[in-house]
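Worksheet for the structure shown next.
A short reminder: the numbers here are calculations on the coordinates, not readings from a lab. None of these values were measured; they are calculated from a predicted model. Because the Cβ atoms are built from the backbone with ideal geometry, glycine has one as well, and the counts that use them run over all protein chains shown.
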Amino acid sequence: MISLISTLEADLLHISLFEILGELYTLDFVFNYTIEGGMINLPQAFYSNLIQSDGPGKIEFKFGHVINSIIKSPYRDKIILEIADLNEKNIHYKEFDYVVCCIPFSSLRRIKVTPPFSTMKMQAINEVNYETAQKTFFYLKERFWERNSKNVILGTTLTDLITISTLYGSDHIEPTINNNQIEYKIKPNTNYKEPGVLLASYNWHQNALRLGSQIEILRIKEISNCMELIHRLPENYIDDNLIDYSTILWSNVPFIWGGACLMTPGQKDLFLYESTLPEMNNRVFFAGEHVSTKHAWQQGSLQSAMQCANDIAKSIRQRS
């Protein structure tokens, strides 16, 4: 009964209860913030800052390179990486004092580690659960969800159709307080006839695989049909108004092969702490959402990265 009426949560009933409680108990969603100009500005800000010589330290990004092996040097306390250059189609080796491994365990599974990490770390890499997710965005000529200015559709629509959830662009919406209640209205000088984006379908687990594995043209058509049914739109309305779309099935994304780390019952006790520990005589450290307490969220990646940087700084100080 719960799985039938809870839609999105139904796909996650098999994961650890603590994965869900870990988000709710710490009130992560009480205050949300928006980056002006779009979320893309966050990684771009990191990138532009890291390549500047007057930044925290100039970084050389090696796009089109794949790590094949992580090797502890047999001659000195260093780490050797076997690197495949996909552009030049050759293999080379490079030595480092420290390595920060941010590779998801779903991808780290394919990398040769010599000698192997600790038994529990290797078991975590082999077994930790990754859930797949599917997202499809529609860019439409008009915003049908804003057509009725007194009854704007906003937030999320949940359905028992395979699309599961739809989220609406809210850049035309502003909150107002009336009698101590928050009301949402259309911003002045905006029009629903302007093009807009909505997240037409967002789902997880089996629904993500069943929808996302379809031939792309059929996937888009099925999502369009669901949108028209849910919102009582005329037949072919989405087709007639669709400017563009973007769709992704995370299990098909190279070097991720899964939406996010969401542990099953018992895995947190077994693997979470072990996953954070450095390896190879404190020369290989780990960061990423999968080794944080906030799985599936960028906050987990950021928090684990800060902790990792501090741990490396301590290690350097202790060795000096």
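Could you compute how fast segment 1-83 diffuses translationally, taking Rh as the Kirkwood radius over C-alpha pairs and applying Stokes-Einstein at 10 °C with viscosity 1.306 mPa s? Give it in µm² per second. Kindly include the intermediate steps, with their values, before the conclusion.
Details: Rh = 18.5 Å.
Estimated via Stokes-Einstein, D reaches 86 µm²/s.
Sparsely packed loop sites in segment 45-95 (the GluC sites (Glu not before Pro) outside DSSP H, G, I, E and B with at most 15 other Cβ atoms within 10 Å) comprise E60, E88. The length gained by stretching the chain between K78 and L158 to full extension, at 0.36 nm per residue less their Cα-Cα distance, is 23.6 nm. Extension gain for T176 to N191 (0.36 nm times residue separation, less C-alpha to C-alpha distance): 3.5 nm. Take the convex hull of the alpha carbons in segment 86-221; its mean projected area over all directions comes to 16.0 nm². The aspartates and glutamates within cross-link reach of K150, meaning a Cα-to-Cα straight distance under 14 Å and a gap of 8 or more places when in the same chain, are E174, E183.
If R0 is 51 Å, the Cβ-Cβ spacing of K62 and N151 corresponds to a FRET efficiency of close to 0.45.
Here the simple spin-label model places points 7 Å from the Cα toward Cβ, and for W257 and I20 these points are separated by 2.9 nm.
Of interest is the spacing of the C-alpha centroids, which for segment 254-319 and segment 186-229 amounts to 34 Å. Bin by bin, in steps of 10 Å, what percent of the Cα pairs in segment 41-112 do you find, going until the bin that has the longest distance? With a bin width of 10 Å, the distribution comes to 16, 39, 38, 7, 0. For K268, the lysines whose Cα comes closer than 23 Å to its Cα, not counting residues fewer than 8 places off in the same chain, are K121, K294. Its relative contact order, with pairs defined as Cα atoms under 8 Å and 6+ residues apart, puts the chain at 21 percent. If you bin all the Cα-Cα distances of the chain at 20 Å, starting from zero, the percentages per bin are 25, 53, 22, 1.
Net charge of the neighbourhood of P234, taken over other residues with C-beta under 12 Å away and scored Lys/Arg +1, Asp/Glu -1, is -3.
Taking label positions 7 Å along the Cα-Cβ direction at both D85 and K112, the computed distance is 2.0 nm, reported to one decimal.
Among the GluC sites (Glu not before Pro) within segment 194-264, those in coil by DSSP and having at most 13 neighbouring Cβ atoms inside 10 Å are E235.
Taking the DSSP bridge list for the chain and keeping only pairs wholly inside it, about 85 percent are antiparallel. Applying the Kirkwood pairwise sum to the alpha-carbon positions of segment 141-288 produces a hydrodynamic radius of 18.7 angstrom. Projecting label points 7 angstrom from Cα along Cα→Cβ for Q307 and S6 puts them 2.7 nm apart. Shown is the FRET efficiency for D239 and Q52, computed with R0 = 41 Å from the Cβ-Cβ distance and rounded to the nearest 0.05: 0.35.
Residues of segment 293-309 with backbone nitrogen within less than 13 Å of a virtual label 7 Å along the Cα-to-Cβ line of V30, please, listed as ranges. Under 13 Å, as judged by backbone N against the label point of V30, lies no residue of segment 293-309.
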